[in-house]
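Please read the structure below before turning to the comments.
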Amino acid sequence: MAAPRARCCLGNLRLRFLGVNRPRVAVVTLGPRCRSHHAALPDNQVIPSSAAVLSTLTPGLTLQPDFITGEEEAALCRELEPVLRKKRYESGHWDDAIHGFREVERLHWSPDSSAIIQRVRDKAFPPGENQLSLVHVLDLQKDGYIKPHVDSVKFCGSTIAGICLLSGSVMRLVSVENGEERADVLLPRRCLYIMSGVARYKFTHEILRGEESFFSGVPVPRERRISVICRNLPVS
């Protein structure tokens, strides 16, 4: 029987929740693999269930640690904090898919922050790509999390690119067709991650809650996490 599905809104993204079993993921020895046109996926920051899964994911999944400096992170947080403070953390959407979050969509940025956002856009999207002008900012509490979901192409395009502020986390991807095919990805603080294609639409993705936040058996402490996300426009 197909897994149950529900819908919720995350900014103007619409998500599809899928129930997924969670067997432990084994570390495998990585061989040669396809390369993203953005950058390589660091070997020490991904744990796939098999080399085949890694090859499937890699063309659409990019991770660049230390994409921004500590000073740039602090500048972004100073700019966002007064805006986020005006909102209350929500315990979850109507379908219980997201917990402990608040969010805004931001158009106008300071010159320094605009330069950072432009670097994200230049890294994630080819010249001339139509992009959403609004930048999505998602603020997760220390004990907040996002359940497995697949993005809908109706509300944003083929690619999302996000900077992780304040905290590292573990993102889990699980094949929609085969729950045994999966990968855990370590998203360190101040990294840039880019997702497109198969990584977004053939795999669910989630941010693990604190008690599940382990990578290769090592705890990844979850603190408050802000993600700043750029997106391209959906195909009309």
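Tabulated results
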item	result
Rounded FRET efficiency, nearest 0.05, which uses the C-beta distance separating residue 118 from residue 71 and R0 of 22 Å	0.80
Whole-number accessible area per residue in Å² for segment 43-141, which is evaluated in the context of all protein chains at 1.4 Å	49 Å²
About the Cα centre, charge dipole magnitude for segment 37-151 (Lys/Arg +1, Asp/Glu -1 at Cβ), debye	220 debye
Ellipsoid semi-axes in whole angstrom, largest first, where each is sqrt(5λ) of the Cα gyration tensor of segment 117-206	22, 18, 12
Extension gain, residue 201 back to residue 105 (0.36 nm per residue minus Cα-Cα distance, nm)	32.2 nm
Peptides 49-56, 121-128 ordered by average Cβ neighbours within 10 Å, highest first	49-56, 121-128
Of 87/123; 86/142; 86/147, pairs whose Cα-Cα distance is over 28 Å	87/123
Rough spin-label spacing in nm, given labels placed 7 Å along Cα→Cβ, for residue 218 and residue 143	2.7 nm
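The values are calculated or read from the model by the stated rules, or taken from the named source; none is laboratory data. This structure is a prediction, so every number in the text was calculated from the model and none was measured. Note: ideal-geometry Cβ built from the backbone for every residue, glycine included; neighbour counts use all protein chains shown. We work out accessible area using only protein heavy atoms, side chains counted, and drop any ligands, DNA or RNA first. Shrake-Rupley method; radii C 1.70, N 1.55, O 1.52, S 1.80 Å.
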